[in-house]
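Right, one structure below, let's go through it.
The values are calculated or read from the model by the stated rules, or taken from the named source; none is laboratory data. The shown structure was predicted, so the numbers you read here are calculated from the model rather than taken from an experiment. Backbone-built Cβ (ideal geometry, glycine too); neighbour counts: all protein chains shown. We work out accessible area using only protein heavy atoms, side chains counted, and drop any ligands, DNA or RNA first. Shrake-Rupley method; radii C 1.70, N 1.55, O 1.52, S 1.80 Å.
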Protein chains: 2
Amino acid sequence: MIKTPYLLFLGDAPDQLSAKVAQGIRDWRPENAVGQFRMEGCEADVGLPDMSLEEARAAGAKTLVIGVANRGGVINQDWKKVLVTALEGGFDLASGLHNLLRNERDLAAVAQATGRDLHDVRVPEVRYPIASGRKRSGRRVLTVGTDCSMGKMYTSLSLEREMRARGMSCTFRATGQTGILITGEGVPLDAVVADFMSGSIEWLTPENNAEHWDIVEGQGSLYHLSYSGVTLALIHGSQPDALVLCHEPTREHVRGMPGYALPGLEELKELALKLARIANPDCAAIGFSINTHKMTEAGALSYLAELESRFGLPACDPCRFGAEALVDVLEAMT
Amino acid sequence: MIKTPYLLFLGDAPDQLSAKVAQGIRDWRPENAVGQFRMEGCEADVGLPDMSLEEARAAGAKTLVIGVANRGGVINQDWKKVLVTALEGGFDLASGLHNLLRNERDLAAVAQATGRDLHDVRVPEVRYPIASGRKRSGRRVLTVGTDCSMGKMYTSLSLEREMRARGMSCTFRATGQTGILITGEGVPLDAVVADFMSGSIEWLTPENNAEHWDIVEGQGSLYHLSYSGVTLALIHGSQPDALVLCHEPTREHVRGMPGYALPGLEELKELALKLARIANPDCAAIGFSINTHKMTEAGALSYLAELESRFGLPACDPCRFGAEALVDVLEAMT
């Protein structure tokens, strides 16, 4: 578990997009971040107060989170200076970069000398069990999609926000690097060893009160040949009561695979339910989360209305129009 | 790749069953083993000549393969003496034990000093790619089952034997520890990191001549909540042209999960094909491999006949009655 609140390190981010981890934290857990730290030449701004390391410490920050992608996969010397000073000043460090903090000798040495923690959230820090298949109390909703990278994390976080606003008992369960940095905990599922994938998700979504909802962040897609096994492990490890079906209507083919068309939503619904019902015969598909960012507002609204009438289920774009209709269904199930 | 031929180490095996890795090598690659090495008190015998280390070296053996499960997960001192002497005598060592040879300090030190290799086949030794989804030339047949541990490896090896007997071009592709020790190579899929599972199977089953068959050893089951993700990665990584559906009719519930019934064969056929056709729309289920070892001969034969008439597909118990009818279909597809 990563200590909060954070100071968000934006480094020398060349543009706003490269700071999307910081932006995610700012959007979904603003209470977890006291400010942002920007170096000379930084072109990103997530709208938090600019702070020095000293100012952030005084404001209570405990961890410096690397909220920016690094260029060429290298932690450069300018970054290093800041990171070393942060460790010396009492900060832990947290990162989702591919190249690990712990493998940087200077950082590892300073962390050890100062007794600070280096959190590389790409690496599992828990010995997960093999899945038992045992039914747990409490309820679980999982996002599944026609493809990768179409908004499953944002959908899950939107559900959580709306459920909390209604006073429902719920927890967002992160299964990827960004989600883990946003919330401070979770399972980096793509880095878990095959035999323990499903067990890691059982571990992440334990027994709970009957009315509590775990909102499990989906990964990959049953239709993406590279990651479908990860998706199925999520479905069978979380034993969902409810599935939210995610789609981006303007996407032309499966991510990175021009030869593969996306499935239709009927097809996704049928296949995901069939697989989920192996674990939980009562699982239901409760509605759609549609990423309409490439559509006009009128086009998006008419697409959503068409889906609702075709399936008799709510269809939302949570980022654009809110997730109320999906939460209505979850609330009625509680 | 493990150097052949082997000397099979049976140690102090308390019974025949504990030597099943050695038995598998003896059954399926007798040409890979010059003899067996048994210690005092060994109660297993795989029917190969008993040899000392010196005799086996003289007969050409290059690797001492641990063909027996160890008691309590410990490599004891009696074993150690033999293993150290083997390394000093010029043998590599190979093992599928959970506790790794490389983690035994004395073995690691002697191996380094003598320049011998320690093969722990539970640990991937390759940096596998992320799956590309690209279609490869050559043909692939995969075994899938209603549950784990019901004969997918033996089915695959039976297919290979029959196909070779007919002069067909084919390769058994091992995906588990025993299969890897039998053939000397393969992918230990249960130990591969999630993101690379499907890619490891693409790596294992590369482009080949149009008439060549890869016979891919199945793992887990779509219906086993602990391992279903591994099974789907195999289906999507191998892009099979043909599936052989495996079942054990006398099994009462999914292995280790009393609450979960096995699916019917109609259900397995439909689900496995639906998933396989995401990768290869032309994939066909070509028949059944049934583990009838708990049935009478008459009961087994009538069960197989009933399946054949119900599905219009061949149904065999390869270990009991041969795999000819399945290979007839594969040969007709070539």
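What are the GluC sites (Glu not before Pro) within the range A:40-69 that DSSP puts in a loop, where the Cβ has at most 10 other Cβ atoms within 10 Å?
A:40
Under a point spin-label approximation (7 Å from Cα along Cα-to-Cβ), what is the residue A:310-residue B:134 distance to one decimal in nm?
The two pseudo-label positions are separated by 3.4 nm.
222 nm [θ] for chain B, helices only, -39500 (n - 2.57) per DSSP H run of 4+, per residue, to 500?
-10500 deg cm²/dmol
Net charge near residue A:5: determine it from the other residues with C-beta under 14 Å of the C-beta of residue A:5, scoring Lys and Arg +1 and Asp and Glu -1.
My count for the surroundings of residue A:5 gives +2.
Which whole-number value in Å² is the accessible area per residue of the range A:141-236, probe 1.4 Å?
Per residue, the range A:141-236 has 23 Å² of solvent-accessible surface.
Any idea what the residue B:331 label distances to the other copies are, label 7 Å down the Cα→Cβ vector, nm, shortest first?
Distances to the matching label points in the other copies: 6.7 nm.
Rounded to whole Å and sorted largest first, list the principal axis extents of the Cα atoms in the range B:44-90.
Each principal axis gives a Cα extent; for the range B:44-90 these are 33, 27, 14 Å.
Across the Cα atoms of chain A, what radius of gyration and what greatest pairwise Cα-Cα distance (Dmax) are found, in Å?
20.4, 63
Only protein chains counted, 1.4 angstrom probe. Which residues of the range A:162-209 are at least 30 Å² less accessible in the assembly than when their chain is isolated?
Residues shielded by partner chains are A:190, A:193, A:194, A:195, A:197.
Got a sec to turn the phi values of the range A:191-196 into Karplus ³J(HN,Hα) couplings, 6.51 cos²θ - 1.76 cosθ + 1.60 with θ = phi - 60°, whole Hz, x for Gly and Pro?
The phi angles translate into 9, 7, 5, 2, 5, 10 Hz.
For the range A:117-125, take each phi angle, set θ = phi - 60°, evaluate the Karplus expression 6.51 cos²θ - 1.76 cosθ + 1.60, and give the result in whole Hz per residue in order, putting x for glycine and proline.
Running phi through 6.51 cos²θ - 1.76 cosθ + 1.60 with θ = phi - 60° gives 9, 10, 9, 9, 6, 6, 10, x, 10 Hz.
Got a sec to turn the phi values of the range B:29-40 into Karplus ³J(HN,Hα) couplings, 6.51 cos²θ - 1.76 cosθ + 1.60 with θ = phi - 60°, whole Hz, x for Gly and Pro?
9, x, 5, 8, 10, 7, x, 10, 10, 10, 8, 4
With chain A treated as a Gaussian network of Cα nodes joined by springs under 10 Å, which of A:287, A:60, A:186 yields the largest mean-square fluctuation?
Ranking A:287, A:60, A:186 by mean-square fluctuation puts A:60 first.
Around residue B:148, what is the net charge, scoring Lys/Arg as +1 and Asp/Glu as -1 over all other residues with Cβ under 15 Å from its Cβ?
Counting the neighbours of residue B:148, the net charge comes to -3.
Within straight cross-link reach of residue A:152, meaning Cα distance under 14 Å, which aspartates and glutamates are found once same-chain residues fewer than 8 apart are removed?
Once the sequence-local aspartates and glutamates are set aside, what remains near residue A:152 is A:160, A:217, A:248, A:317.
With an 8 Å cut-off on Cα pairs and a minimum separation of 6 or more residues, tell me the relative contact order of the range B:1-145 in percent.
22 percent
Using a probe of 1.4 angstrom, how much of the accessible area of the protein assembly as shown is carbon and sulfur, in percent?
50 percent
Please compute, for peptide B:124-131, the average count of beta-carbon atoms on other protein chains lying within 10 Å of each residue's beta-carbon. Kindly include the intermediate steps, with their values, before the conclusion.
Working: counts 1, 0, 0, 0, 0, 1, 4, 8.
That works out to 2 on average.
Compute the distance in nm between two label points, each set 7 Å from the Cα along the Cα-to-Cβ direction, one at residue B:320 and one at residue A:78.
Computed distance between label sites residue B:320 and residue A:78 equals 7.3 nm.
Starting from the residue with the highest accessible area, list A:196, A:172 in decreasing order, probe 1.4 Å.
Heavy-atom accessible area, descending, gives A:196, A:172.
Which distances, in nm and shortest first, link the residue B:252 label point to the same label point in every other copy, taking 7 Å along Cα→Cβ?
The answer, with the shortest distance listed first, is 5.8 nm.
Beyond 15 Å, what share of the Cα-Cα pairs of the range B:252-326 remains, rounded to the nearest whole percent?
Details: 1762 of 2775 pairs.
Taking all Cα-Cα pairs of the range B:252-326, the fraction more than 15 Å apart is 63 percent.
Skipping prolines and chain starts, which residues have an amide H placed within reach, meaning under 5 Å, of the one on residue B:36, given they are 5 or more residues away or on another chain?
So residue B:36 has HN proximity to B:8, B:50, B:51.
Any idea what the relative contact order of chain B is, in percent, if you count C-alpha pairs under 8 Å spaced at least 6 apart?
For chain B, the relative contact order is 15 percent.
How much accessible area is lost when chains B and A come together, counting both sides, with a 1.4 Å probe, in Å² rounded to the nearest 100?
Summing both sides, the interface buries roughly 2800 Å².
Which one, A:122, A:310, A:161, has the greatest fluctuation when you compute a Gaussian network model over chain A with C-alpha springs under 10 angstrom?
Ranking A:122, A:310, A:161 by mean-square fluctuation puts A:310 first.
Return the FRET efficiency for the residue pair residue B:40, residue A:127: r is the Cβ-Cβ distance, R0 is 22 Å, and the value is rounded to the nearest 0.05.
My answer for the efficiency is 0.05.
Any idea what the residue B:203 label distances to the other copies are, label 7 Å down the Cα→Cβ vector, nm, shortest first?
Values, ascending and in nm: 2.4.
Under a 10 Å cutoff between Cα atoms, tell me which one of A:39, A:197, A:257 has the largest fluctuation in the Gaussian network model of chain A.
For chain A, modelled as a Gaussian network with Cα springs under 10 Å, the answer is A:257.
In the range A:220-234, which residues become less accessible by 50 Å² or more once every protein chain is in place, relative to the chain on its own, using a 1.4 Å probe?
When all protein chains are present, A:225, A:226, A:227, A:232 each give up 50 Å² or more of accessible surface.
Let me confirm one metric for peptide B:273-282, namely the mean number of other chain beta-carbon atoms within 10 Å of its residues' beta-carbons. If you can, show how the numbers build up before the last one.
Numbers: counts 0, 6, 7, 0, 0, 11, 4, 0, 0, 0.
Partner-chain Cβ atoms within 10 Å, mean over residues of B:273-282: 3.
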